[in-house]
1. With a point put 7 Å past each Cα toward its Cβ, work out how far Lys117 is from Leu92 in nm, to one decimal.
2. Below 8 Å between Cα atoms, with a sequence gap of 6+, how large is the relative contact order for region 92-164 in percent?
3. Relative to the present Cα-Cα distance, how much length would full extension add between Tyr42 and Asp105 at 0.36 nm per residue of separation?
4. Under the classification rounded if a/c is under 1.5, otherwise prolate if a/b is larger than b/c and oblate if not, where does region 92-164 fall, given a ≥ b ≥ c as square roots of the Cα gyration tensor eigenvalues?
5. Taking the Cβ of Thr160 as the center, what net charge do the other residues with Cβ under 13 Å away carry, scoring Lys and Arg +1 and Asp and Glu -1?
6. I'd like to know how region 24-165 sits against the 2.2 N^0.38 Å rule of thumb: what's its Cα Rg over that expected value?
Amino acid sequence: MMNASNIHTPDSTIRRDTSGKRKTKILIVDDEPDVLAVLTAYFSEGGRFEVMTAQQGADAVMIGRGAYGRPWIAAAIDRALAANDDLAEPGLAERLGIVLEHLADSLRFYGDTLGLKVFRKHLGWYIEQAPCPASPDARRAGRSTMCRMESAREVEGALTALWSA
């Protein structure tokens, strides 16, 4: 049944295609393979969306939970499975670029004040999932400090300093 499908488009998965246009990943969840096929074909047409599918809510939750602070993970899993290779996570510099781009997108979309507030929930996950600093206590302290900052410039500087330590 089509009305049983859920389509989720988290703002943290917005990427650009080869022409530079925005490309959004969407997750379609339905237990009917025919519905998944139709919706996948519909949303894939024109190349605006990168479509992922799941046949059970539990599959979708597992994909979603694993993506907290790691919006690249679905594409990385797809590449690893297609190449029968190890899962490759981006390095710290690349992660920093992703986080700063996400912050800039949030500020552009929501404005400076609301954009920073909205971004804080993502910032917490980015820091929690980062490999640096190695100490979970240091990551928690950094997250706590940055999530209280009142300007995006302060957050950028603190995050860069935290991940450069």
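What follows is calculated from the coordinates using simple rules that are stated; it is not laboratory data. These figures come from a predicted structure and were not determined experimentally. Virtual Cβ from ideal backbone geometry, glycine too; neighbours counted across all protein chains shown.
1. In this crude label model, Lys117 to Leu92 measures out at 3.3 nm.
2. With pairs under 8 Å counted, the relative contact order is 32 percent.
3. Length gained, Tyr42 through Asp105: 20.0 nm.
4. prolate
5. Details: positive: Arg95, Arg153; negative: Glu154, Glu156.
Local net charge: 0.
6. Numbers: Rg = 17.3 Å, N = 142, 2.2 N^0.38 = 14.5 Å.
It is 1.20.
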